[in-house]
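Colleague: Please see the structure below; I have some questions.
Any read-out appearing in this document is the output of simple, stated calculations on the displayed coordinates, not a laboratory observation. Keep in mind it's a predicted model, so treat the numbers as computed, not measured. Cβ coordinates were reconstructed from backbone atoms using ideal geometry, including for glycine residues, and neighbour counts include every protein chain displayed.
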Amino acid sequence: MNFGYAISLFLNGLASASSLFLVAAGLSLIFGVSRVVNFAHGSFYMLGAYLAYSLIGYAGPSILGLALSVVAAALALGLLGGVVEVVLLRRLYAAPELFQLLATFGLSLLFSDSALLIWGPESLLAPRITGLDGSLQIFERSVPTYDLVIIVGGPVVFAGLWWMLKRTHFGMLVRAATEDREMVGVLGINHTVLFTAVFALGALLAGLGGALQIPRSPADLSLDLTTISDAFVVVVVGGLGSMPGAFLAAIIVGMARAICLGVGTLPFFSYDVPLAKLTLVVEFIVMAVVLIVKPLGLLGLPETRLRSPLRAVRAVQPLRSSTASMIAASSLTILLLLPLTGQPYLLVFATEVFLAGIFATSLYFLMGPGGMISFGHAAYFGLGAYGAALLHKSAGWSMEAAIVTAPFIAAAGGVVFGWFSVRLSGVYLAMLTLAFAQIVWSIIFQWDALTGGSNGMVGIWPSEWLTSKTSMYFLALSLCATTVLALTFVNRSPFGFMLRAVRDSALRAETLGINRIAIQWAAFVLASFFAGLAGGVFAFSKGSISADVIGVGRSIDGLVMVTLGGMQSMAAPIMGAAAFNWLQDNIMRHTEFWRGSLGIIIVLTALFYSGGALSSFSVRWPRRDAK
C-alpha cells in the first residue's frame, strides 16, 4: 500500500466518521437527558435526506441551493422532533423504558410508510452540486470535493455542540440533566421545556446528517434501520451521554470501515483474512470488543452518575391462579378441537403462532424474571434453525435428531455470548446482544458454501409422519405448551426466586450470597435453549430458511409480541404472538402501507395499556408530566 492510497483511506474514514457523528450526536443528547432509547432517530435521518432531495429540486443544485435546502430540512426535522416529544414521549417518561423503545419503533414504521407514500419506493439521489461536483488530487489520489465538505462538517458540529454544552446556560442545564435529571426538577427548572428542546435539537442533528448525505448517497426506505443501528453502536461505544465519546467512537468506527473496504485482505501467518467480508459487521465487532474491555464504553459515565438506563421489566397485576387455570383449560380445549374445523389456513396460521410464541416466551423469561433486555434474541432462533437444517441436509441426520439437537446448539451460543453479556446491564447489555446477533448473521449471510448465504437453504423436508398440516400443528402446540409449563416451573422454583431477587436488587442479592452472574448466565442459556427449539421446528415447518430468521427485524418482532401480550404470565407472549401475526397477515393483504398501520397499533399499545393490549383490560390513560 503506497502513501497516497493510505491517505485516501484515511480521508474516506474521516468522511464516514463525520456522517456517523452527525446522527449519533443527537441520539447521545436525547438519551443523556431523557433516558429515551429513541428507535425513531434513524427515521429523522431518513426524512432529512428525502426532504433535502425535494428542496434541492426547488432551490437548484448550487452551493446556495444546497445550503438553504440542508438548513430548511434540518429545521423541519427539529420541529417534527419537538412535536413527537410533546405528543408522544412526554406521556411515556413514567413508563418502563421498553414501552418507550417500542413506541419509537412504531413511530419509525409510521415514518417509513409516510416516506413511501410521499416519495415512492425508488432510491433518490440529488443532482450534482455545481462547484462541489469535482475532485481534488491529494498525493496522486482523487478525493471527491464533497467528501471534504463532509469531513469538515463533523468537527464543526462537534465544536459547536462542545461550546454550547460548556459555555451557555442551556448547555449547563443539559449537562446537569445528564448527570441527575431528578435534581434538575427539584431545583425548580422547567424540565418539560428542557426535554422538548433537547429532543428537537437531537432530531435536528439527525435531519442535518441525512440532508448533508443526499448529494453523496441516495435516500431510500432502508436508511432508518441501518442508520439507527450505526448510531446506537457509536453512542454505546463512546459511552452513553458522552459527546466526546460519540465523536471518538465515530472516528474509530469510520476508520475501521474504511480499512475493511480499502485493504480487502490482511495476511495472518499463512492465511489471508478477508477484511472486505467484515464490512457488514465491523462496527458490531468494535462494539463487542469495547464493551467486553470497558463495560461503560470509552468515555461513559460511572453508574453512580448515570442512573439505570434501561430498567428491568416486571410483571404487572398477574392474573389469579384460578382465573389463569380456567383460561388455560378453555384455551387448550379449543386448540385441541381446532383441526376439526377443516380449515387448512387456520392450522398453518396457528402453527406459526405457536412457534413464534415459543420464541416470544423465551424472550419474556429473559426480560421479565431475568430483567435482561435483549436486542439480539433472534441469534438463538437462527442458530437453532440453521443448526437443524445443516444437520439434516449436510450431515444426513433425521429430522427428529436434528430438532432435538437444535436447542442445544442455540444454548451453546447462549453459553458463549451470555458469559460476556450478563456482566453488563441496561442498554449496554442489550446492545452487546445485538452485536453478537449481527456477527452471527454476518457469518451465515456470507458463508455461501455452507449456509447458502443470501439465498438461504431450501429442501428442509420433515419426516413423512409430519408432512400433514395437522401433524405439524399438534407438534407445535405440544412444544409450545411444554415451553410454557417448563419456564413457569423454573420461574416458581428456588432458582426463579433467586433470579427475580437479582433483577430487583443485585446488591442485596449478592449480600445474601447469591451469585448474580451465575444466575443470570443460566437464565440466558435457558432462554437461548427454547429460542433454538422454536428455530429448529420452524426450519422443517417452512421447508426453507434464510438469513432473515437471525436479523434485527425478528428480534424486534419478539419484543413487540412480548409487549402486545403483556407481562402478566408466561403464556401472555403467546397471545401477543397471535395478535402480531394476525395483524401482520391481515394488514399486509389489504394495503402496502401495513408497516404504518402496525406502527400506529404499537404506539397506541404503548400509550394506553400498562400490561399489554391483550393481558389487561384496564386502560391506563397517559400521563402528561415528565418524570
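Colleague: Within the chain, how many Lys pairs that are eight or more residues apart, or on different chains, come under 28 Å at the alpha-carbon?
Modeller: On the way: LYS166/LYS294; LYS166/LYS627; LYS277/LYS294; LYS277/LYS393; LYS393/LYS469; LYS393/LYS542; LYS469/LYS542.
Lysine pairs meeting the criterion: 7.
Colleague: Moving to a separate point now. Helix 145-167 against the longest principal axis of the chain: what's the angle in degrees, Cα atoms only, rounded to the nearest 10?
Modeller: The angle comes out at about 80 degrees.
Colleague: Taking the Cα centre as origin and putting +1 on Lys and Arg beta-carbons and -1 on Asp and Glu beta-carbons, what dipole magnitude results for the chain, to the nearest 20 debye?
Modeller: Charge dipole of the chain: 1520 debye, to the nearest 20.
Colleague: Which Cα, out of TRP419, ILE118, ASN455, lies furthest along the positive dipole direction of the chain (beta carbon charges, K/R +1, D/E -1)?
Modeller: TRP419
Colleague: Tell me the Kirkwood hydrodynamic radius of segment 408-559 in angstroms, computed as one over the mean inverse distance between distinct C-alpha pairs. Could the numbers behind the result be given before it?
Modeller: Values: mean 1/r = 0.0573 Å⁻¹.
Answer for segment 408-559: a Kirkwood hydrodynamic radius of 17.4 Å.
Colleague: Can you put PHE495, PHE365, PHE436 in order, fewest other beta carbons within 10 Å first?
Modeller: Values: PHE495 16, PHE365 29, PHE436 25.
Going from sparsest to densest Cβ surroundings: PHE495, PHE436, PHE365.
Colleague: Note down the magnitude of the dipole of segment 341-551 about its Cα centre, charges +1 on Lys and Arg C-beta and -1 on Asp and Glu C-beta and zero elsewhere, to the nearest 20 debye.
Modeller: Result for segment 341-551 is approximately 460 debye, rounded to the nearest 20.
Colleague: Still on this model: If one computes P(r) from the Cα atoms of segment 3-293, what percent of pairs lie at distances over 37 Å? The partial results should precede the final answer.
Modeller: Values: 6044 of 42195 pairs.
Within segment 3-293, distances greater than 37 Å cover 14 percent of Cα pairs.
Colleague: Looking at LEU466, LEU337, ILE129, which one has the Cα that reaches farthest to the positive end of the dipole of the chain (charges on Cβ: Lys, Arg +1; Asp, Glu -1)?
Modeller: Result: LEU337.
Colleague: While we're on this one: Mind checking which of PHE170, GLY207, VAL282 is farthest towards the positive end of the chain's charge dipole, using Cβ charges of +1 (Lys, Arg) and -1 (Asp, Glu) about the Cα centre?
Modeller: Going by the Cα projections, it comes out as PHE170.
Colleague: Using each residue's phi in segment 205-221, evaluate 6.51 cos²θ - 1.76 cosθ + 1.60 at θ = phi - 60° and report the 3J(HN,Hα) Karplus result to the nearest Hz, with x for Gly and Pro.
Modeller: 5, 5, x, 4, x, x, 5, 5, 7, 5, x, 9, 9, x, 8, 8, 6
Colleague: Near the amide H of LYS294, under 5 Å away, which other amide H atoms are found, from residues 5 or more places off or on another chain, if H is placed in the peptide plane?
Modeller: none
Colleague: Got a sec to turn the phi values of segment 431-439 into Karplus ³J(HN,Hα) couplings, 6.51 cos²θ - 1.76 cosθ + 1.60 with θ = phi - 60°, whole Hz, x for Gly and Pro?
Modeller: 6, 5, 4, 5, 4, 5, 5, 5, 5
Colleague: Here's a follow-up. Fewest first, what order do GLU85, GLU400 take by the number of other Cβ atoms within 10 Å? Mind dumping the intermediate values first?
Modeller: Values: GLU85 25, GLU400 14.
Least crowded to most crowded, the residues run GLU400, GLU85.
Colleague: Show the residues, 5+ positions off or on another chain, whose built amide H is closer than 5 Å to the amide H of GLY376.
Modeller: For GLY376, the qualifying residues are LEU434.
Colleague: Near the amide H of PHE39, under 5 Å away, which other amide H atoms are found, from residues 5 or more places off or on another chain, if H is placed in the peptide plane?
Modeller: For PHE39, the qualifying residues are THR104, PHE105.
Colleague: Per DSSP H run of at least 4 residues, take -39500 (n - 2.57); add these up for the chain, divide by its residues and hand me the 222 nm value, nearest 500 deg cm²/dmol. Working shown, then result.
Modeller: Working: 23 runs with 433 residues, N = 627.
Only helices count here, giving -23500 deg cm²/dmol.
Colleague: Shifting gears a bit: Given the peptides 376-383, 66-73, 446-453, 350-357, arrange them by the average over their residues of other C-beta atoms within 10 Å, most packed first.
Modeller: Numbers: 376-383: 31.0, 66-73: 20.5, 446-453: 14.5, 350-357: 24.9.
Top to bottom by mean Cβ count within 10 Å: 376-383, 350-357, 66-73, 446-453.
Colleague: So, R0 is 35 Å and r is the distance between the beta-carbons of ILE189 and LEU604; what FRET efficiency does that work out to, to 0.05?
Modeller: Calculated transfer efficiency: 0.65.
Colleague: Sort PHE31, PHE474 so the one with the fewest other Cβ atoms within 10 Å of its own Cβ comes first.
Modeller: On the way: PHE31 24, PHE474 19.
Ranking PHE31, PHE474 by Cβ neighbours within 10 Å, fewest first, gives PHE474, PHE31.
Colleague: Related question: Using per-residue counts of other Cβ atoms within 10 Å, averaged over each peptide, order 122-135, 334-347, 286-299, 206-219 from highest down. All intermediate terms of the calculation are to be shown ahead of the outcome.
Modeller: Numbers: 122-135: 14.6, 334-347: 12.5, 286-299: 18.9, 206-219: 25.6.
The densest-packed peptide leads the list: 206-219, 286-299, 122-135, 334-347.
Colleague: Using alpha carbons only, how many degrees (0 to 90, rounded to 10) separate the axis of helix 223-238 from the longest principal axis of the chain?
Modeller: 80 degrees
Colleague: In 20 Å bins starting at 0, how do the alpha-carbon pair distances of the chain split up by percent?
Modeller: In order of increasing distance, the bins hold 19, 53, 26, 2 percent.
Colleague: Let me ask something additional. Could the peptides 146-153, 38-45, 168-175 be put in order, highest first, of the mean number of other beta-carbon atoms found within 10 Å of their residues?
Modeller: Numbers: 146-153: 18.6, 38-45: 29.8, 168-175: 15.0.
Packing proxy ranking, top to bottom: 38-45, 146-153, 168-175.
Colleague: Shifting gears a bit: Give, as ranges by residue number, the residues of segment 410-426 whose backbone N falls under 14 Å from the point 7 Å along Cα→Cβ of ASN515.
Modeller: Residues passing the 14 Å test: 419.
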